[in-house]
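Data first, discussion second: the structure below is written as structure tokens.
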Amino acid sequence: MDDISVKNNDDANKIEIDVDKIDVDKIDFDKIEVNKNDVDKNDDEIFTFDNQLHNGEPITSIEISPNEKYLITYSYQDCSIVGWDVEDIDKVQLEFDQTVRPNENKKYKIKSLCVSDDNKLAYITIDRHRNIYRNGNLDEYTTITVIDMNNEVKNIALDLIKNDSLTSYCTFNLKGEFILYSDCQSNYQKIIWIYSTQTKNNKWECKRVYRIPENYELISISKYDKVYLFSNDYIYEWNINTERNVKIFGNNKNKNKFETVDIGIFSNEKFIFLKINYKIIVYSNELGIPIASLDINNDIQLYKFMNHTGLFLLPSLFYYTPDKVFKYCWNNKYKNRFNGTLLEEPSDDESTDESTDEQTKFVFGILNERVWKSKLDEKISKMNFSSENSDELNKENNKIIECDEHLNVHSFNLYMDAVSTLFQKVITNGGSAEDAETFKELTESTKNLIKWDVRIGGSKIKLGVFNKHNTEWESISTRTDNYPYKPKYSFYYHKLVVSSLFNNNDIVILTTFGILIYTFSENNNSISLNYFYFMKSNSFGDISTKKLQGYKRIFSKSTLPLPNYDSFRLNGWVSDIMNDKLSLLKYGGELLKFAIKEHKLELIDDIYKKCMTYFKDDLMNNKSFLSIITSAMPLLDEYYPEYVLKYSLETNMITDSSFYSIEHQNKNLHLFSQPPQIANLSQSLLWSKYHYTFYWKIYKSDLLLMTLIVRFIYFIQVLIILLTLPLYLATFYILSKYNFINDIYTSDAFSHVYFAAERIISYCFEKYITTTPTITFMIPYINFVNYSKDYNWFLELIKPQPSPFTETINRNIYKTWNGEALINFKWNAYGKYYYAIIWILFMTLLGCFTTAATIPQQYINKEVRQQLFIASIILGSIHLIFEIRQFCYNITKWFYNFWNIFDIIAYVLSIYTSIYWLQTNDRNNNKAFEYFGVYFAIIISVGKKIFSFLLVLFIIIISFAHAFYILLSPKSEISLEQYNTNNNNDPNNPWNLAPSYSQIDNNGNINSNPLMIQIPDKNTNMFIDIKTSLFAIYLFLIGDSSALSNWPYTENPSIAVLIVLFSLLVVVYLMNLLIGLLNIAIEEDNNRVSYLMQKAEILAEIELFYLLPHQRRWKTWFPEVIHYYADVDKTRVEIKRLIKEGEWDTKEFTEMRKNLFKVLRIE
């Protein structure tokens, strides 16, 4: 099977494949014999085996264990399951293990079956002669059976599973756990059970339980713990381990409805392959978008896609098509029944160093009712199209990807081993200086007859691609890139170190300024740069071996690292990113940050427009492009805040669907998000086990005594409920809300009464519950709240990595409903709980300290007081630790909010005072506590806005105080304790300003010499000192002019002029202006936007300093995409308000706006 040739048949869209030159249709399978001596020699042979183990009956299906160690074949006609050992993948012949016959009389039909790596067999059977009524309809009666094939076909019981659970799907995951999906007959719940396969007392114990939302249907569950669900023409992927829910595909463009039976899903850690009818959609987990849409009937398209990307599509092809016909490879002439399972690649955890190209892929399938096995990964790379077919391939080449105009292979990370090999080769040779060159000429394999010519010199890298025509090489494409990276010494140049070629026309080049990956497109004979990573060289243009080893470690991961900052200085690289959709999605975020920091306004605008255009082209599948903009929000807020406003207005009230949907919801859900989540019921496992073990088994018991005991316990529980009804209902409501109890099994009175009451109340009040029509919008801040996945747990405790949300507290974000809905989601998810805990701890600290410090000793003994002080020290230390973390995180920001200083003083003083009291028993050193509410946000905000005005006012007051000080200060030395007659001529002397009393004779004459003088003090003339002069002017500012009343204004015109100027300029004009500014500032801040910004700051503080590092990565609290409900009537009012105020954008999303107006009936 070393030679595989591909030829065009009569249908231009079909390719015939000759496999080892065997005509499959002409094989007489009954005459095939496998010589064991020849098996090892011909391990590439497609083979069959003697199916007498199934008594000659056809094989219906096959299943393979998660880690490809064991295989089973099932024959419905023979009622048998045969196990085969396939762990030795180098052997073609399967080794027979044993046969299991689950249903000898054909009464049962197997609906689902699976096998584990340690030979545990599980299958679900349908009883053909028994049905169950559900919602008035007949449903299949199914049972689950688990067999240990290593232990004489011994049955294994499953914990918590009853006979009427209606199981319909089972599988094993890579960790060896057993996953079972079932419907509960009693309450119609869709449950996923996960069991440990560690057998104890011949039973598997349930470890986790999940409940699927009512309007979702299960498609499948992969061995990677991914659950695939279908609802309302959308396909979702839910990760059991991370609880991350992603909408991976929506039927927006194709209006044809499809059912779950039409959907096939095959996935690994990097890609999801969706087979819907005759289409295969390839979804990238890394990029978060579908990257290809392929037609199963277009053989050339499939071949070119696999050859170009290295992705293996055979699992997707081995799936039922709607007409129940299987397709073998690409050749449609084989219309036999064909089923198959691909041995999937190991996960990244198992094999991170192995290249995708080098992994051995075997495929097991059923052809003509026999099992076949073949190595197919090597054969695809050896497929050759004859020259006579090259024209057809070139015509089809541009049809490879329907959803993407260009598909760069770097998205699939095919280069990691090659890059690592390049670094190792250079390091082994002793570094770059020994074998560096300025010219390389490389010839690719004869498959494409292409030669690359690479030259570096003069700050340029020149590339040429040549095609061999007859015996001559002809240039078919050239490219020149100017690189701005020059060694320190200008007479040295960068050099080409080493390079490597790939079969898909790509070349990896390692130079002394970085690593570059170029590709040649046969479509338009062009060369494009797929990837560039800048590497810093020394002053001589070389890279030392030590640095190369460091770069090798960077490239040792499973994916190419993101380009560093200086990489984007290469102009050709930037233009290639902008011209390629997937490159923009992968590197656009870093490129936009580079453009902002470098103030490249044109590039910023181009990236912004490209992202918006791609999103408008496919609202459902291209929303990830919005994350490029939102990831750079902190920098845009700092340098170009107009883009934040622009984005906020343009994306207001948008959705990721081609139409708006209106649903009737509870009116309290306005601007609130309630994403459909699979409920984790694992916390209620003890509750379920209690019911299952104690009640359900007893109900099945025939012992009269046990039945009487159960009924007696039931009666006692009813009495308890009647005596504690309010407390009982409140307690069970809380337990049910947080999934500590469930209604999977309801066997006792506690469960019966509560869940029955819940259903009755819901039914009775359903008519009276007010609902309102709501419309669903999407918050356009994609990945805005997410934190980096690459983090160190310990370092995150010291200095946590921020998210765009915590770094961007911008008014323009929260002036729209998008921002308010975002705050509401975060507040309800975790914010209100942590905020309450923080305030409870603070009030506890305040209560403990106040009680210990103020209550007299006759009311509280010494021991209790000491305990209260110790509690104050502990609680104060906890608050102080969080305050110190905030200080270390951002010192400037910490001082900018001066209330932080009050906080830390309060904590330190409470701790210090408590320690001091415990040591000295002296309470004279106590200080009072202050605490504040949300209105301090207005005080802080207004103070910041009028700070500059207050500064100017203060300078003016100082100037007037200084002027009065010069005019009214005494001219000579004075003493307030001794009267000096020599200073009688100084009008500013306090002795002359103090009240004096003179004698009047009988004739009414006044003696010029005072009889008595009141002794002056420091307030007699407040202008003696500059400090008291400043205070005197402040008193004059607030209306007290007594400090200036000691001087007659007619004799001191300069004083009168200053008083008039001060009163007009400061008292009248500036003070009224200050009042006006305060009023404007308060009016501006005393609104909902300021309130939301305050909540955003609180949430940011909680996230960074109160949540643990792993909590900041919880997908339920920090999802990539958030949708929210909005009241339809309020939406109409809001839109009209925005239109009136000129804030309703009509330039972007024109069709979406028209659709919204139509749905809301706005003219």
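Structure notes:
- Of everything listed in (1) under 24 Å from I235 (Cα atoms); (2) hydrophobic (A, V, I, L, M, F, W, C); (3) more than 25 Å from the chain's Cα centre (by Cα), the single unmet condition for F625 is (3).
- Leading residue by the ranking (surrounded by the most Cβ atoms within 10 Å (Cβ to Cβ)) among those in the range 1015-1034 that are among the β-branched types (V, I, T) and assigned to a helix (DSSP H, G or I): I1033
- Enumeration of residues in the range 55-77 that are in a loop (DSSP other than H, G, I, E, B) and open to solvent by 20 Å² or more (accessible area, probe 1.4 Å): N55, G56, E57, P58, T60, N67, E68, K69, Y76, Q77
- Pairs where the first residue, in the range 863-882, is touching a residue at least 24 places away in the same chain (Cβ under 8 Å) and closer than 13 Å to W917 by Cα and the second is surrounded by 13 or more Cβ atoms within 10 Å (Cβ to Cβ) and aromatic (F, W, Y), C-beta under 8 Å, 6+ apart: F869/F849; F869/W917; S872/F849
- Just one residue in the set N828, N897, N824, N818 is within 30 Å of N783 (Cβ to Cβ), touching a Pro at 6+ places or on another chain (Cβ under 9 Å) and open to solvent by less than 60 Å² (accessible area, probe 1.4 Å); that residue is N818.
- Note on the range 1118-1128: among residues that are more than 9 Å from the chain's Cα centre (by Cα) and open to solvent by 30 Å² or more (accessible area, probe 1.4 Å), the one that is nearest to R244 (Cα to Cα) is H1123.
- Of the strands (runs of 3 or more DSSP E) lying entirely inside the range 471-552, those carrying at least 3 residues that are open to solvent by less than 70 Å² (accessible area, probe 1.4 Å), in contact (Cβ under 8 Å) with a residue 12 or more places away in the chain and more than 15 Å from L570 (Cβ to Cβ) are 496-501, 506-511, 514-521.
- Subset tally (residues that are open to solvent by 70 Å² or more (accessible area, probe 1.4 Å) and either assigned to a helix (DSSP H, G or I) or farther than 27 Å from H664 by Cα (or both)) for the range 730-761: 9
- Scanning the range 283-325 for residues that are among the charged types (D, E, K, R) and modelled with pLDDT of 75 or more yields E286, D295.
- Filter result (within 33 Å of the chain's Cα centre (by Cα) and of a type outside the set (A, V, I, L, M, F, W, C)) within the range 1138-1163: E1143, D1145, T1146, K1147, E1148, T1150, E1151, R1153, K1154, N1155
- Filtered by the rule that a residue be surrounded by fewer than 19 Cβ atoms within 10 Å (Cβ to Cβ) and in contact (Cβ under 8 Å) with a residue 60 or more places away in the chain, the range 797-809 gives L797, I798, K799, P802, E807, I809.
- In the range 597-677, counting only helices (runs of 4 or more DSSP H) that sit wholly within it, the ones holding 3 or more residues that are open to solvent by 40 Å² or more (accessible area, probe 1.4 Å) and outside the structural domain of Y216 (by the TED database) span 601-617, 633-639, 641-650.
- Evaluation of L1070 against the conditions (1) part of a helix (DSSP H, G or I); (2) open to solvent by 30 Å² or more (accessible area, probe 1.4 Å) shows that the sole unmet condition is (2).
- Residue among E1143, E1134, E1120 that is over 17 Å from F805 (Cα atoms), in contact (Cβ under 8 Å) with a residue 12 or more places away in the chain and in a loop (DSSP other than H, G, I, E, B): E1143
- Remark: pairs (first residue in the range 837-852, under 28 Å from E1103 (Cβ atoms); second residue outside any helix (DSSP H, G or I) and at pLDDT 85 or above; Cβ separation under 8 Å; 6+ apart in sequence or on different chains) = I838/Y1106.
- Any hit, the range 881-893, residues being among the hydrophobic types (A, V, I, L, M, F, W, C), touching a strand residue (DSSP E or B) at 6+ places or on another chain (Cβ under 7 Å) and either open to solvent by less than 70 Å² (accessible area, probe 1.4 Å) or in a helix (DSSP H, G or I) (or both): no
The values are calculated or read from the model by the stated rules, or taken from the named source; none is laboratory data. Source: prediction; values computed, not measured. Cβ sites come from the backbone with ideal geometry, for glycine too, and all protein chains shown count toward neighbours. Side chains included, ligands, DNA and RNA excluded: accessible areas come from the protein's heavy atoms. Shrake-Rupley method; radii C 1.70, N 1.55, O 1.52, S 1.80 Å.
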